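S.K.: Mind having a look at this structure? Questions to follow.
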Amino acid sequence: MSLALSKALWRYRGFVFGGVKREFQARYRNSLLGAAWTVLQPLAMITVYTVVFSQLMQARLPGVNDPFAYSIYLCSGLLTWGLFAEIVQRCQTVFLDNGNMIKKLSFPRICLPTIVVCSALVNFAITFAVFMVFIVITGHLPGLVLLGMLPVLVFHVMFATGLGIAVGVLNVFFRDVGQFINILLQFWFWFTPIVYSTATLPVAVRPWIRFNPLTSFAEAYQGIFVNRLWPHWSSLWPSVVLSLILCFFALRLFRKRSSEMVDEL
């Protein structure tokens with residue numbers, strides 16, 4: 001099943017690349033500064049969090065005596081969440097937003113969520129590059145430990161993509177799904193250790209936070225950039241397994257319902 005989809009994506013790789021390019025251009029079409037905003041926005045975010053939390057509020061992480069530690073912790077967590085939320089939110093409406101294209105053109109429908117994921121990765125890469133400049137300037141470059149981010153990122157994207165495709169298909173048939181996901185994401189953000197550390201939570205609450213698949217992903221990124229530690233694979237494997245299961249379920253649901261979506265659009 002996945003092999004057939006991979007072949008279809010490869011045949012239509014020009015269509016996917018063109019879609020990513022159009023989305024990037026449309027995002028800044030009527031802007032005076034154009035693509036410069038892709039750098040200015042994350043730069044402003046990092047500057048605000050560094051000045052407000054590190055300098056004014058002097059926020060500190062438990063057991064870490066570093067003025068920039070909390071800013072790095074917060075920014076790495078927000079990068080984790082931002083990539084996840086963008087993929088899920090945009091995938092949930094991608095078939096509805098492109099209903100006319102689906103009806104008029106013949107192309108593999110899987111190209112649409114693929115364009116969303118690739119566009120989100122482009123935005124993530126630009127933001128991450130700005131973040132890395134901040135990391136280098138403040139002298140917190142993790143070194144070889146940075147390579148541990150690659151497998152974490154792969155499964156992180158798989159989890160977001162699997163959830164996004166499943167929600168996107170269901171949203172075509174049941175429009176309440178999209179509304180529910182928007183509300184769920186608001187709660188989900190605060191149940192993910194981004195603005196706080198699990199070490200600051202009551203002991204009775206910590207095991208419940210572990211049920212959140214994004215917790216292990218967020219902590220893996222934060223551990224790399226704050227503590228310069230390799231990801232703890234023993235804590236990551238439940239999220240990895242869930243990512244694989246979710247992708248399999250999403251692709252199976254997509255293949256089963258893709259032909260019926262046209263009548264609902």
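The values are calculated or read from the model by the stated rules, or taken from the named source; none is laboratory data. Just so it is clear, the model here is predicted, and its values are computed rather than measured. Note: ideal-geometry Cβ built from the backbone for every residue, glycine included; neighbour counts use all protein chains shown.
S.K.: Filter the stretch 157-203 for residues that are aromatic (Phe, Trp, Tyr) and free of Cβ contacts under 8 Å to residues at least 40 places away in the same chain; which is farthest from Phe254 (Cα to Cα)? Write out each step before concluding.
M.R.: Step one: filter the stretch 157-203 for residues aromatic (Phe, Trp, Tyr), giving 159, 173-174, 180, 187-191, 196.
The next check asks that each one be free of Cβ contacts under 8 Å to residues at least 40 places away in the same chain; those that pass are 174, 180, 187-188, 190-191, 196.
Working: Phe174: 15, Phe180: 20, Phe187: 27, Trp188: 25, Trp190: 30, Phe191: 29, Tyr196: 36 Å.
Here the answer is Tyr196.
S.K.: Let me ask something else. Quick check on Ser71: is it within 19 Å of Thr215 (Cβ to Cβ) and crowded, with 20+ Cβ neighbours inside 10 Å? Outline the logic, then answer.
M.R.: Values: within 19 Å of Thr215 (Cβ to Cβ): no; crowded, with 20+ Cβ neighbours inside 10 Å: yes.
The answer is no for Ser71.
S.K.: Something else about it: State whether one or more residues within the stretch 191-204 are of a type in the set (Val, Ile, Thr) and at pLDDT 90 or above.
M.R.: Of the residues in the stretch 191-204, the ones of a type in the set (Val, Ile, Thr) are 192, 194-195, 198, 200, 203.
From what's left, at pLDDT 90 or above: 192.
The answer is yes, given that some residue of the stretch 191-204 is of a type in the set (Val, Ile, Thr) and at pLDDT 90 or above.
S.K.: When the stretch 94-133 is examined, which residues are found to be polar (S, T, N, Q), more than 12 Å from Gly19 (Cα to Cα) and in a loop (DSSP other than H, G, I, E, B)?
M.R.: Step one: list which residues in the stretch 94-133 are polar (S, T, N, Q), which gives 98, 100, 106, 114, 119, 123, 127.
Among the residues that remain, those that are also more than 12 Å from Gly19 (Cα to Cα) are: 100, 106, 123, 127.
Ser106, the sole residue that qualifies.
S.K.: Sticking with this structure for a sec: Given the conditions (1) hydrophobic (A, V, I, L, M, F, W, C); (2) surrounded by 18 or more Cβ atoms within 10 Å (Cβ to Cβ); (3) in contact (Cβ under 8 Å) with a residue 24 or more places away in the chain, and given that Val145 satisfies all but one, which numbered condition is not satisfied?
M.R.: So the condition that Val145 fails would be (2).
S.K.: Let me ask something else about it. Of everything in the stretch 209-265, what is hydrophobic (A, V, I, L, M, F, W, C), surrounded by fewer than 13 Cβ atoms within 10 Å (Cβ to Cβ) and more than 22 Å from Val195 (Cβ to Cβ)? Give them in sequence order. Break it down into steps so the answer makes sense when it comes.
M.R.: Within the stretch 209-265, the subset hydrophobic (A, V, I, L, M, F, W, C) is 209, 211, 214, 217-218, 220, 224-226, 229-230, 233, 236-237, 240-242, 244-251, 253-254, 261-262, 265.
In the following step, the residues that additionally are surrounded by fewer than 13 Cβ atoms within 10 Å (Cβ to Cβ) were identified as 211, 237, 241, 245.
Result: Trp237, Val241, Ile245.
S.K.: Moving on. Out of the residues in the stretch 20-49 that are at pLDDT below 75 and among the basic types (Lys, Arg), state the one that is farthest from Phe128 (Cα to Cα).
M.R.: Only one residue tops the list, namely Arg29.
S.K.: Right, next: For residues in the stretch 214-255 being of a type in the set (Val, Ile, Thr) and within 16 Å of the chain's Cα centre (by Cα), which is farthest from Phe173 (Cα to Cα)? Don't jump to the end; show me each part of the working.
M.R.: Taking the stretch 214-255 as the starting set, the residues that turn out to be of a type in the set (Val, Ile, Thr) are 215, 224, 226, 240-241, 245.
Restricting the remaining residues to those that are within 16 Å of the chain's Cα centre (by Cα) gives 215, 240.
Numbers: Thr215: 31, Val240: 29 Å.
Top of the filtered list is Thr215.
S.K.: Pick out the one residue from Leu146, Leu150, Leu141, Leu185 that is under 30 Å from Leu43 (Cβ atoms), part of a loop (DSSP other than H, G, I, E, B) and not hydroxyl-bearing (Ser, Thr, Tyr).
M.R.: Numbers: Leu146 fails: part of a loop (DSSP other than H, G, I, E, B); Leu150 fails: part of a loop (DSSP other than H, G, I, E, B); Leu185 fails: part of a loop (DSSP other than H, G, I, E, B).
On inspection, the qualifying residue turns out to be Leu141.
S.K.: Further question on the same structure: Does any residue of the stretch 167-182 turn out to be in contact with an Asp or Glu (Cβ under 8 Å, 6 or more places away or on another chain), within 23 Å of Thr215 (Cα to Cα) and buried (at least 19 other Cβ atoms within 10 Å of the Cβ)? So that I can check it myself, show each step before the final result.
M.R.: Quick first cut of the stretch 167-182, residues in contact with an Asp or Glu (Cβ under 8 Å, 6 or more places away or on another chain) only: 172-173.
Next, only the ones that are within 23 Å of Thr215 (Cα to Cα) stay: none.
There is no residue in the stretch 167-182 that is in contact with an Asp or Glu (Cβ under 8 Å, 6 or more places away or on another chain), within 23 Å of Thr215 (Cα to Cα) and buried (at least 19 other Cβ atoms within 10 Å of the Cβ).
S.K.: Now for a separate question. For the stretch 172-190, enumerate the residues that are farther than 16 Å from Leu79 by Cα and in contact with a helix residue (DSSP H, G or I) (Cβ under 8 Å, 6 or more places away or on another chain).
M.R.: Once the filter is applied, which keeps residues that are farther than 16 Å from Leu79 by Cα and in contact with a helix residue (DSSP H, G or I) (Cβ under 8 Å, 6 or more places away or on another chain), the stretch 172-190 yields Val172, Phe173, Val177, Gly178, Ile181, Asn182.
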